[in-house]
Amino acid sequence: MSLMIVGSMAFDALETPFGKVDRIIGGSATYAAWAASNFTQPIKQVSIVGGDFPQDEMDALTARGVDMEGVEVVKDGKSFFWSGRYHMDMNTRDTLVTELNVLGQFNPQLPASYQDCEFLMLGNLAPAVQISVINQLQKRPKLIIMDTMNFWMEIALDELKQAISMVDVLMVNDSEARQLSGEFSLVKAAKKIQAMGPKFLIIKKGEHGALLFHGKQVFFAPALPLEEVFDPTGAGDTFAGGFIGHISRTKDISFENMKTGIIVGSAMASFCVEKFGPNRLKELKQEEIDARIDEFVELVNFDISIIS
Ligand code: AMP
């Protein structure tokens, strides 16, 4: 029984007000796998790369208990490439380039050994691929969580809505929730999006934390106030990886346990932004994760007594 992660594995070029990198490793499935592998192994990875993707990056994931049998390598193809520029607040960004390359022709065929997946994370990539993966599974996983972004709302809205209708948890950022629902109020947006299918909705608000909606229940977790944010790329995928990593370790899909998952995801995301690319995630030690989760607990913990 295991966790399956589907998503992009990529090269990114990034510009922040504090620095610039031309070609570093990225991709939704890369960040998610690095984060989730701290909590659960094995992870069954589903993605596609070109012959230009470094073998040592694949080997590093394998060494972390990530099964790469489901990662297709197109020897004469180019890996997905994304480039973005962050604004001064480091919270908002513009996509400069999206080159799908091999991702544009991706038609994954799940290996037989992936059929035992108990938890499924559909990271950000084409909704048609997300749908195909769900349809290939003979037994529905206990929980399916899905991430997406405005890019797919703009070019594949019908397929995206179909994918959304098939999952249990949808994860988007605040502007994507507004775009998808046509509502400014996130409470109204959450109602509309839940009516599209997912029983749980997570709305990420960057440095302002994350909200979890389920029916009439709402939970909010702040982001850890950090002195320095170096590169926010992948924070959303890292959050998702930490969340689903915690859920698959505990095998508990209750709202209460999802609250803990949100805290774990937020702690992992706070590491991700400390260095360019997934570098900080690669070197993390369990003691550091535990200490950061404790910092979160401290941050939100207070006693209140109102004397009237
Ligand atoms: P995040 O900062 O969590 O939204 O994730 C950024 C990562 O998502 C980058 O490493 C990109 O390679 C990847 N990415 C960006 N756009 C797309 C897309 N349209 N489909 C799949 N992955 C993407």
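The values are calculated or read from the model by the stated rules, or taken from the named source; none is laboratory data. For clarity, every value in this text was computed on a predicted model and none was experimentally measured. Note: ideal-geometry Cβ built from the backbone for every residue, glycine included; neighbour counts use all protein chains shown. The protein model used for the area step is the full one, side chains on, heavy atoms only, and it has no ligands, DNA or RNA in it. Shrake-Rupley method; radii C 1.70, N 1.55, O 1.52, S 1.80 Å.
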Leaving out ligands and nucleic acids, note down the accessible area per residue over the chain with a 1.4 angstrom probe, in whole Å². 44 Å²
What are the residues whose amide H is under 5 Å from the amide H of Lys205, where those residues sit 5 or more places off or on another chain and H is modelled from the backbone? Ala210, Leu211
The answer for Met196, listing residues at least 5 apart or on another chain whose modeled amide H is closer than 5 Å to its amide H, is none
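For the pairs Lys142/Lys216; Lys204/Lys282; Lys216/Lys282; Lys20/Lys204; Lys259/Lys285, note any where the Cα-Cα span goes beyond 31 Å.
Numbers: Lys142/Lys216 22 Å; Lys204/Lys282 23 Å; Lys216/Lys282 38 Å; Lys20/Lys204 25 Å; Lys259/Lys285 23 Å.
Too far apart for the 31 Å limit: Lys216/Lys282.
Kindly provide the Kirkwood hydrodynamic radius of the range 189-308 in Å, to one decimal, from all pairs of distinct alpha carbon atoms. Numbers along the way, then the final one.
Details: mean 1/r = 0.0657 Å⁻¹.
Computed over Cα pairs of the range 189-308, the Kirkwood hydrodynamic radius comes out at 15.2 Å.
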Trypsin sites (Lys or Arg not before Pro) within the range 59-161: DSSP coil, no more than 13 neighbouring Cβ in 10 Å: Lys75, Lys139
Just read off the accessible area of Val187 with the full protein assembly in place, 1.4 Å probe, to the nearest 10 Å². 90 Å²
Calculate one ³J(HN,Hα) per residue across the range 203-216 by plugging θ = phi - 60° into the Karplus curve 6.51 cos²θ - 1.76 cosθ + 1.60, and present them in order as whole Hz with x for glycine and proline. 10, 8, 10, x, 5, 9, x, 8, 10, 10, 10, 8, x, 8
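Give the Kirkwood hydrodynamic radius (Å, one decimal) of the range 136-246, defined as one over the mean of 1/r across all pairs of different Cα atoms.
Numbers: mean 1/r = 0.0680 Å⁻¹.
By the Kirkwood definition, the hydrodynamic radius is 14.7 Å.
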On each of the three principal axes the extent of the alpha-carbon atoms of the chain, given in whole Å and largest first, is 73, 43, 37
Near the amide H of Ile43, under 5 Å away, which other amide H atoms are found, from residues 5 or more places off or on another chain, if H is placed in the peptide plane? Val66, Asp67
How much FRET efficiency would the formula 1/(1 + (r/R0)^6) give for Glu183 and Ala291, where r is the Cβ-Cβ distance and R0 is 35 Å, rounded to 0.05? 0.35
I'd like the accessible area for His208: 1.4 Å probe, protein heavy atoms, all chains in place, Å² to the nearest 10. 100 Å²
With θ set to phi - 60° and the Karplus curve 6.51 cos²θ - 1.76 cosθ + 1.60, what are the ³J(HN,Hα) couplings of the range 140-147 in order, to the nearest whole Hz, using x for Gly and Pro? 5, x, 5, 8, 10, 10, 9, 10
With θ set to phi - 60°, apply the Karplus curve 6.51 cos²θ - 1.76 cosθ + 1.60 along the range 238-252 and write out the HN-Hα couplings as whole Hz, x wherever there is a Gly or Pro. 5, 4, 4, x, x, 4, 6, x, 5, 5, 6, 5, 8, 6, 10
